[in-house]
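Some notes on the structure that comes next.
The values are calculated or read from the model by the stated rules, or taken from the named source; none is laboratory data. Computed from a predicted structure; not experimentally measured. All Cβ positions, glycine included, derive from the backbone under ideal geometry; neighbour counts span all protein chains shown. Surface accessibility is based on the protein's heavy atoms, side chains included, excluding ligands, DNA and RNA. Shrake-Rupley method; radii C 1.70, N 1.55, O 1.52, S 1.80 Å.
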Amino acid sequence: MVFIVKWKVIEKSKLPVLIAELAKEFEVFAPVKEKNMISFERISSGNEAYLDFRNTKKPPKEVFFPQTETLFTYRTGKKDVEIVESPAIKGKMVLLGVRPCDARSFVLLDKFFSSGEHKDLYYLEKRKNTAIAGLACNRPLSTCFCTSVGGSPFGKEGMDLLLQDINDKYLIETVTKRGKELVKKFPWLKDAEKADIDKAKKLSEEAEKAVKSKVSVNGVSEKLDRMFDDPLWDQIYQKCLGCGVCTFFCPTCCCFDILDEKGKRDRIWDSCQFSCFTLQGSGHNPRPSGKERMRQRIMHKFNYFVKNYGESFCVGCGRCVQECPVNLDIREVIGAISARQGK
Ligand code: SF4
Ligand code: SF4
């Protein structure tokens, strides 16, 4: 037997035991299937986790950035305001079964929520307290284009551990020190054999080839610099319903609104695709039609974020392609921008 510290294996039948042990010490979140919806939920037993999926319908961003979240409760006195508690700050968590595209989304969201003078404590504390055990993607979908935007079906960015499905067992690859500490809690895990690692390598190569959808983002940001008033936006937005589905299902979209009500401050998701998102109290709306709102979404992902953080704000998960009710395909939008002559 080859002794390899970095790699362990677990039989699939033993995974519920491992999860049950984890749940004694951590809040554990994993994909759960309910009817046709697979989303990340808090689980208390290993049998609740559902890992036989292509990708979850909802991305895991909700664990760190919930759709509705009470940031803190407060009391108002005669002179000042006193914070009572911050339920948004959580203890130690483990997030299990995250696909590589979604794990990469956390790396991008970290940049967004930690940049500038005002850090987002509510997001960052949860991130700091959470170990991420990813799950490699053996069977990418036809809508996946992670390899075009810096990712890979077996990518490890944003993870502490990477689980790789090698038929009747998972190969567990340690990525970070935190991952190593987590693995140490399970001395009964077996060391991987060379054959296990070779099998995973072969699956990784096959998965990479299976990502057929290619999108060229090279030069798109520079083209967009000169396309703010381009007539292309008049064509692109026409069939958009402004439903916001693309943004709600996107692992990187993170627009939000704040509500102060009855002694608590809540944060709720919002969408740049909604007409009221930029509606001002005066009645003026700087993004009055779907054209400006569509332009904002594309500009933010492929121009503003690139300028601020050096990469696109898209991980190529393809959810917006799958879920858009009118088949507005972001890959075609990028293609149309790339093909724009004279820009
Ligand atoms: S823009 Fe679309 S493909 Fe890109 S990360 Fe968001 S949902 Fe996924
Ligand atoms: S999902 Fe489609 S129709 Fe809905 S806002 Fe996004 S692009 Fe428009």
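For THR143, THR176, the ranking by accessible surface with the largest value first comes to THR176, THR143, using a 1.4 Å probe. Using 12 Å as the cut-off for backbone N distance, which residues of the range 77-108 belong to the label zone defined by a point 7 Å from the Cα of LYS185 along Cα→Cβ? 92-96, by backbone N distance to the label point. Antiparallel beta bridges, as assigned by DSSP with both residues in the chain, represent about 75 percent of the total such bridges.
Taking all protein chains as shown and a probe of 1.4 angstrom, ASP225 keeps an accessible surface of around 80 Å². The slack between ARG75 and LYS24, meaning 0.36 nm per residue of separation minus the straight C-alpha distance, is 14.9 nm. Report the Cα centroid-to-centroid distance between the range 1-73 and the range 101-174 in angstrom, as an integer. Result: 13 Å between the Cα centres.
Note on TRP188: accessible area approximately 100 square angstrom, rounded to 10, probe 1.4 Å, nucleic acids and ligands left out.
To the nearest 10, the accessible area of LYS92 is 110 Å² with a 1.4 Å probe. Residue order by solvent-accessible surface for ASP229, ASP234 is ASP229, ASP234, largest first, with ligands and nucleic acids left out and a 1.4 Å probe.
The 1.4 Å probe gives accessible areas that order PHE313, PHE228, largest first, as PHE228, PHE313.
Leaving out ligands, DNA and RNA, and with a 1.4 Å probe, what % of the accessible surface on the chain is carbon or sulfur? Heavy-atom surface of the chain belonging to carbon and sulfur, 1.4 Å probe: 52 percent. Highest mean first, the peptides 166-173, 240-247, 258-265 sorted by other C-beta atoms within 10 Å per residue fall in the order 166-173, 240-247, 258-265. Its convex hull of Cα atoms gives the range 189-270 a direction-averaged projected area, equal to a quarter of the hull surface, of 12.6 nm². For the chain, a Gaussian network of Cα nodes joined below 10 Å ranks VAL315, VAL17, VAL84 by mean-square fluctuation, and the top entry is VAL84.
The label point for CYS243 and the one for GLU85, both projected 7 Å from the Cα toward the Cβ, are 3.9 nm apart.
Using a cut-off of 23 Å between Cα atoms, the listed pairs LYS35/LYS128; LYS79/LYS264; LYS119/LYS301 include LYS35/LYS128 as exceeding that distance.
Relative contact order, whole percent, for the chain stands at 20, derived from Cα pairs under 8 Å and 6 or more residues apart. At the listed q of 0.09, 0.14 Å⁻¹, the Debye profile of the chain, built from one uniform point per Cα, gives log10 I(q)/I(0) equal to -0.54, -1.19. Cross-link list LYS58/LYS111; LYS169/LYS202; LYS169/LYS212: which exceed 18 angstrom alpha carbon to alpha carbon? LYS58/LYS111; LYS169/LYS212, as the Cα separations exceed 18 Å there. A 1.4 Å probe run over the range 40-197, with the rest of the protein chains in place, finds 46 Å² accessible per residue.
Computed from point charges on the beta carbon alone (+1 for Lys and Arg, -1 for Asp and Glu), the dipole magnitude for the range 208-254 about its Cα centre is near 340 Debye.
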